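Report on the structure given below.
Taken together, the values in this text are just the output of simple stated rules run on the coordinates, not laboratory data. As the structure is a prediction and not an experimental result, all values here were calculated from the model. All Cβ positions, even for glycine, are placed from backbone atoms using ideal geometry, and neighbour counts span all protein chains on display.
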Amino acid sequence: MKKLLFVCDEDHYPQGGFEWIRQLHQQEPCVIKGLFFTAAAHDPAAGAGRFIRQCGDNAIQCYTVEKSHAEWQKTFWEQETRYADLLVFSQDLLYAGAATAQPNERMQDLLRWATCPVIAVPEDAPPPEHIIAAYDGSSQSMEALKTFCTLFPWSKDIPAQIVYIKDEPSDSIPQLELLTEYAHVHFTSVKILKLRWDSDKHFNTWVGCFRNPLLVTGAFGRSALSTTLRGSFIQKIIGHHLAPVFVAR
């Protein structure tokens, strides 16, 4: 059983985000804490009742907490996520309208401040049919892959691509033998690729060639972030709603 955080603001209920939680619960029972942010502390959140009803309809154990917008603080999120296995939010709807482009400032806060893994989900995203994992040979990129495999062991049967991007003539991939050993333990069908082009120009287009992909990457906005996918790439994937993005810590 896992503890998940489901984050909403008062004006937008992420049905697509809830659908992801429902699917996760089908794979492994979850307890869901709904965090609803409103204009003032303890104001009734319009989506909270809907959330409770939907959890009840799907036999999901849940509870809700209402917070004011002013309580959206780094210390709150660091503490809250320290005691959770996964945080889920909508790429489309979390504080939609707060900025002309996504991810808005609130989304970027979650990606930077959360101390548990985060998954940002497009509202119309179906279950993943391909896993795309960023790899650069660092311990951080391997920790991201290991965290994903540990949280979602059912993903073993989803075809996976582990991608090392570097614009150079060499065919080398760091620690390829060890990476191959690990990958074949955790995925039934997996390819390890080296893509020799400028990832800033081509990566989003390449991801878009896959049917219903899910992107796995390391920490957002930190020095440990994979050089394969810097924060700007995560922003572009989320901004265009190309795929769910799993961000490990």
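With the simple spin-label model, which puts each label point 7 Å out from Cα in the Cβ direction, the MET1 to GLU28 separation comes to 1.4 nm. What does the net charge come to around ILE32 if you take all other residues with beta carbon closer than 12 Å to its beta carbon, with K and R at +1 and D and E at -1? With Lys, Arg at +1 and Asp, Glu at -1, the neighbours total +3.
The 3J(HN,Hα) values that the Karplus relation (6.51, -1.76, 1.60; θ = phi - 60°) gives for region 108-116 are, in residue order, 5, 4, 4, 5, 8, 8, 4, 9, 10 Hz. Gly and Pro appear as x.
Subtracting the Cα-Cα distance of ALA39 and LEU193 from 0.36 nm times their residue separation leaves 50.7 nm of extension gain. Cysteine residues of the chain whose Cβ has no partner cysteine Cβ closer than 4.7 Å: CYS8, CYS30, CYS116, CYS149, CYS209. Restricting the calculation to Cα atoms, every distinct pair contributes to the Kirkwood radius of region 51-192, found to be 17.9 Å. Going from the fewest other Cβ atoms within 10 Å to the most, the residues TYR95, TYR182, TYR13, TYR63 appear in the order TYR63, TYR182, TYR13, TYR95. At 7 Å along the Cα-to-beta-carbon direction for both SER139 and GLN73, put a label point, then send me their distance in nm to one decimal. Inter-label distance under the simple model: 3.3 nm.
Sorting THR217, THR150, THR115 by the number of Cβ atoms found within 10 Å of their own Cβ, with the fewest placed first, yields THR150, THR115, THR217. In percent, rounded to a whole number, the relative contact order of region 125-213 is 39, using alpha-carbon pairs under 8 Å and six or more apart.
Stretched out straight at 0.36 nm per residue, the stretch from ARG112 to ASP157 would grow longer than its current Cα-Cα span by 13.2 nm. For the chain, the relative contact order comes to 20 percent (Cα pairs under 8 Å, sequence separation of at least 6).
Under 5 Å between amide hydrogens, built in the peptide plane, is the criterion, and for ASP136 it picks out SER141 among residues at least 5 positions away or on other chains.
Listing GLU80, GLU143, GLU177, GLU28 from fewest to most neighbouring C-beta atoms within 10 Å gives GLU177, GLU28, GLU143, GLU80. For the chain, the longest principal axis of the Cα atoms and the long axis of helix 15-27 meet at an angle of about 70 degrees.
Straight-line reach from LYS33: taking Cα to Cα under 25 Å and skipping same-chain neighbours fewer than 8 places apart, the lysines in range are LYS2, LYS3, LYS67, LYS74, LYS146. By the equivalent-ellipsoid construction on the alpha carbon gyration tensor, the chain comes out with semi-axes of 32, 19, 16 Å, ordered largest to smallest.
Under a 5 Å amide H cut-off, with hydrogens placed 1.01 Å from N, ILE192 pairs with ILE162 among residues at least 5 apart or on other chains. Between region 160-195 and region 140-154, the C-alpha centres lie 15 angstrom from each other.
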